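Presented below is the structure to which this report refers.
The values are calculated or read from the model by the stated rules, or taken from the named source; none is laboratory data. Please read all numbers here as calculations on a predicted model, not as lab measurements. So basically every Cβ, Gly included, is an ideal-geometry build from the backbone, and we count neighbours across all protein chains shown.
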Amino acid sequence: MPIVINLARHFEIVDVPRGDRKIHKKPMPSFGGIAPYFGITVVILLILWLIPNLLTDEISIKKIVGVLLAGLVLMIGGFLDDKYDLKPKWQIIFPIIAALAIVASGIGIREITNPFGSGVISLVTWEKVLFWRDGIGYRLSLPSDLFTFIWLMGMMYTTKFLDGLDGLVSGLTAIGALMILFLTLTTQWYQPEVGVLSAIVAGAFIGFLFWNFHPAKIFLGEGGSLFGGFILGVLAIISGGKIATALLVFAIPILDAIWIIFRRVFWEGKSPFKGDRKHLHFRLLNTGLSHRLSVVFLYMVALLFGTLTLVLQSSEKLVALAVLFVLMLIIGSLLVVLGKNRNKILS
């Protein structure tokens, strides 16, 4: 981390506080996401070299390479954006390439547990082999690949929108990875190889959190904020479709992101990528809650509902998501009222 911080300062990759959305007071080194990405990459390659039998059909060399290359694409895009402040129409190119790289590597959501009954719902309803190479068929499965692409884009932009408070994205990514780790150690979902990858991701982001928690010494930057949602989304897929786990950990940020996009596009008639201070985490600050307490509050919500995934069945997880939706509406309404009352008092 000291090396990354010094490099960011040397190449002037810093986040300068401009506008009311920036709450830090001085230029802050950015592009910190390269540190957890580099750590994850090195440790995965080292473990695969030491324990080659860790590879399975679900975690093959092709898929590992796809994940690492997709992450590298996000780092390159993040570097360019942190350095040159790219427009949204150029920013989105790199997440799209990363998501397509995952689909091309063979990672995909093939089926989901039926939340309304028994069995599973197959997403491989139309599949075609595009070409063969070295005995491997490269397939296109429209529903599955489309669902995977949308899932990854949604996770990436959730963490991108969420990256407004020190330590928020890195902490929630670590919590999500830990929840998947704990699930892979249970008898029902025992997957030690996926558990190893989840532990690596959790460790990398916990290590980064020591430098990123308020007051932060470095920010994740564009690439890092996208990479958090990306890697957690990938873990949820390769662990056998633990989509509900990631959804429950990130439920409030996801709902907040959906509401923000809906409000900006249909209510205010502006670009969904135009930043403002109306996110849930900023509203927590507006009530007078401290920076650290605002982040810790969102950690606690993620931990609470993430832990529920260890004991709930699929239909029960659907109920938990509905409860979270109602909770989001209540919290959001309360924060708006409290924020307005506080502004009146201060004025």
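Before we move on, is VAL326 surrounded by fewer than 19 Cβ atoms within 10 Å (Cβ to Cβ), modelled with pLDDT of 70 or more and not in a helix (DSSP H, G or I)?
No; evaluated as a whole, the condition is false for this residue.
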Quiz item: Which one is nearest to HIS281 (Cα to Cα) among residues in the stretch 205-218 that are surrounded by fewer than 23 Cβ atoms within 10 Å (Cβ to Cβ) and either in contact with a helix residue (DSSP H, G or I) (Cβ under 7 Å, 6 or more places away or on another chain) or not hydrophobic (A, V, I, L, M, F, W, C) (or both)?
Solution: HIS214
Self-check item: Residue list for the stretch 78-104, restricted to those being more than 30 Å from VAL16 (Cβ to Cβ), over 19 Å from the mean Cα position of the chain (by Cα) and modelled with pLDDT of 90 or more
Solution: none
Quiz item: Hey, LYS26 hits all of (1) under 16 Å from PRO215 (Cα atoms); (2) touching a helix residue (DSSP H, G or I) at 6+ places or on another chain (Cβ under 8 Å) but one; which does it fall short on?
Solution: (2)
Exercise. Just name the residue that is nearest to LEU334 (Cα to Cα) out of those in the stretch 283-302 that are in contact (Cβ under 8 Å) with a residue 60 or more places away in the chain and of a type in the set (Gly, Ala, Ser).
Key: SER294
Quiz item: Among the residues of the stretch 168-204 satisfying the criterion of being among the polar types (S, T, N, Q) and modelled with pLDDT of 90 or more, which is surrounded by the most Cβ atoms within 10 Å (Cβ to Cβ)?
Solution: THR173
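Determine, yes or no, whether LEU80 is more than 19 Å from LEU232 (Cα to Cα), touching a helix residue (DSSP H, G or I) at 6+ places or on another chain (Cβ under 9 Å), free of Cβ contacts under 8 Å to residues at least 40 places away in the same chain and not aromatic (Phe, Trp, Tyr).
Taking the combined requirement at face value, the residue satisfies it.
Every residue, every condition in (1) in contact with a Gly (Cβ under 6 Å, 6 or more places away or on another chain); (2) in contact (Cβ under 8 Å) with a residue 40 or more places away in the chain, yes or no:
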site: VAL201; (1), (2): no, yes
site: ILE206; (1), (2): no, no
site: PHE213; (1), (2): yes, yes
site: PHE227; (1), (2): yes, yes
site: LEU235; (1), (2): no, yes
site: ALA251; (1), (2): no, yes
site: LEU255; (1), (2): no, yes
site: TRP259; (1), (2): no, yes
Quiz item: Just one of the numbered conditions (1) without any contact (Cβ under 8 Å) to a residue 12 or more places away in the chain; (2) of a type in the set (Val, Ile, Thr); (3) surrounded by 15 or more Cβ atoms within 10 Å (Cβ to Cβ) is not true of VAL311; which one?
Solution: (3)
